[in-house]
Ligand SMILES: Cc1cc2nc3c(=O)[nH]c(=O)nc-3n(C[C@H](O)[C@H](O)[C@H](O)COP(=O)(O)O)c2cc1C
Ligand code: SF4
């Protein structure tokens, strides 16, 4: 074997030992190796593959899937600007250009001295305090020109991240409106004790009575989900908390975990009580790396208090513990079956469903996957009962919903309302004026125009996982839709052809319109793509990828028509644009190096 640099060997040995040589932790191992060595060198893959007894291709396949894992050097400082539409509205692209100029690097490239790289990433969940960026996966909020200049200085001086001003890494909760959940202020163990006093059967009955439905998007009945899992045959039952929160514009799980972690872990423990599960996992998105230590500290405190571990609250046979798995920059891992694949140490590819996780989930065993907010809400049901909870909200949508409000408004942040609140009420509360549109539930949700602001946040009207992005009259709704389409093309996992190709074609069509080459024929192309994506995609990402375009064409057509300079169809392939890499390589960008100029001359 070739001589292996010591830090790599040490990092591999340490992570393999930490995870007891268990190949299901391969994603965690790769992440930890990168944290220690800045990237995952071929030697690290060799070492890991040997230590785990896996084929090299398996380790490479996992490392290649996640956008935060690097199998090529990306610098000691890896800067990623958050690129949600709300970051764009706050000028993230100018800030990125400024940083690249100051550091003398090209976006996407690593500096020649191996010190730094600068690129973009999908929404980092900081929309209420953007523009945001990540440095080595740690979030920096409220980026402006002086902060960019200071960061460049710190990088040039090679100051360790731990010595950077703490203020840069400040992430505020910004809770603007509390209702029964955010205002609950329960003592650790209070809801769990109430759940234990009821017993598993009665807890399930209360949960069904409460009409609590999943807060992650699909809105499935939580009581029925827990019951189906409890009744499913298996050697072990598992509890999984989905804290991947990748939908652009959503950040309520971030606040629940930072300010109410006990409530979330307690909801998972209640679920364990109902299922008879002994193991729980919280899948935390990689963008929330900064929370890992504080969440582990909460878990440890709960162990010390007898709220996790063996014989919880003194009850013989109630043994349950929770561990945290960190994601690595893949939106698709929020889809529950992809999340389970990722937890098992694989690429995050959605599974065929059925069977559903309640019968065949983690390690093919019965598994409940719930959103952070769903688990937190289950504590209220355990404590106050199903009838009390069902009395809040509307008849089809019980309880409250936490909205992550961002964009053009005076008071971005978290707003908790009973279901049934109207869009206009939320707009008034957050100080939004002259509003043109609201995108509810992120790019895969719905774009509402002014005439629809009387509609209500509820499963029977506008269901939402929580994102609420406001756009005033200054905003170009075509640019909004184009940003969302780029997001889907970037985040498609590539498993099925209709989505992999379809989302790219859609992105190309939007770019073509943006570049002034669009014609009315392109609308028909978009419709056709939508039909293919809807009918033939393997999972929800593909099904909803056209939503933002169709919505904005229907409601904000002038934003598209302004760009239609052609009457006749033009192919989506733009030769001049495709020649850009060649121009960059040759360092030639004069008029003669462009197709249009050559044709005219
Ligand atoms: C592409 C895609 C991304 C998703 N991302 C998330 C997510 O980040 N968080 C989440 O809770 N659910 C997400 N979901 C929904 C989950 O698949 C699942 O329905 C949810 O975690 C179940 O929990 P709930 O019943 O508490 O809502 C996503 C679904 C799809 C199709
Ligand atoms: S629809 Fe897209 S994201 Fe979903 S499995 Fe297919 S390629 Fe992957």
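List of remarks:
- P(r) weight above 20 Å for the stretch 421-527, C-alpha pairs, percent: 50 percent
- Gap separating the Cα centres of the stretch 237-290 and the stretch 460-523, nearest whole Å: 29 Å
- Length gained on full extension, residue 258 to residue 278: 4.7 nm, using 0.36 nm per residue less the C-alpha separation.
- Shape call, the stretch 312-439: gyration tensor on alpha carbons, a/c limit 1.5: oblate
- Pairwise inverse Cα distances across the stretch 77-172, averaged and inverted, put the Kirkwood hydrodynamic radius at 13.1 Å.
- Gain on full stretching of the segment that runs from residue 94 to residue 562 - 0.36 nm per residue minus C-alpha separation: 166.0 nm
- Relative contact order %, the chain, counting alpha carbon pairs below 8 Å whose residues are six or more apart: 12 percent
- Antiparallel DSSP beta bridges within the stretch 176-390, as percent of all bridges there, nearest 5: 10 percent
- Taken over the stretch 6-65, the alpha-carbon convex hull comes to 67 cubic angstrom per residue.
- Inter-centroid distance (Cα atoms) of the stretch 322-338 relative to the stretch 383-399, Å: 30 Å
- Separation in nanometres of the label points that stand 7 Å from Cα toward Cβ, at residue 231 and residue 205: 1.6 nm
- Take the Cα of residue 352, step 7 Å toward its Cβ, do the same at residue 396, and the gap between the two points is 3.3 nm.
- Hull-based mean projected area of the chain, where the convex hull spans the alpha carbons, in square nanometres: 28.2 nm²
- Potential extension, residue 163-residue 476 segment - 0.36 nm per residue separation minus Cα distance: 108.7 nm
- The helix-only estimate of mean residue ellipticity at 222 nm for the chain, built from DSSP H runs of length n ≥ 4 each weighted as -39500 (n - 2.57), is -12500 deg cm²/dmol after division by the residue total.
Read-outs: derived from the displayed coordinates by stated rules, not from any lab. These figures come from a predicted structure and were not determined experimentally. Please note: Cβ atoms are built from the backbone with ideal geometry, for glycine as well, and neighbour counts cover all protein chains shown.
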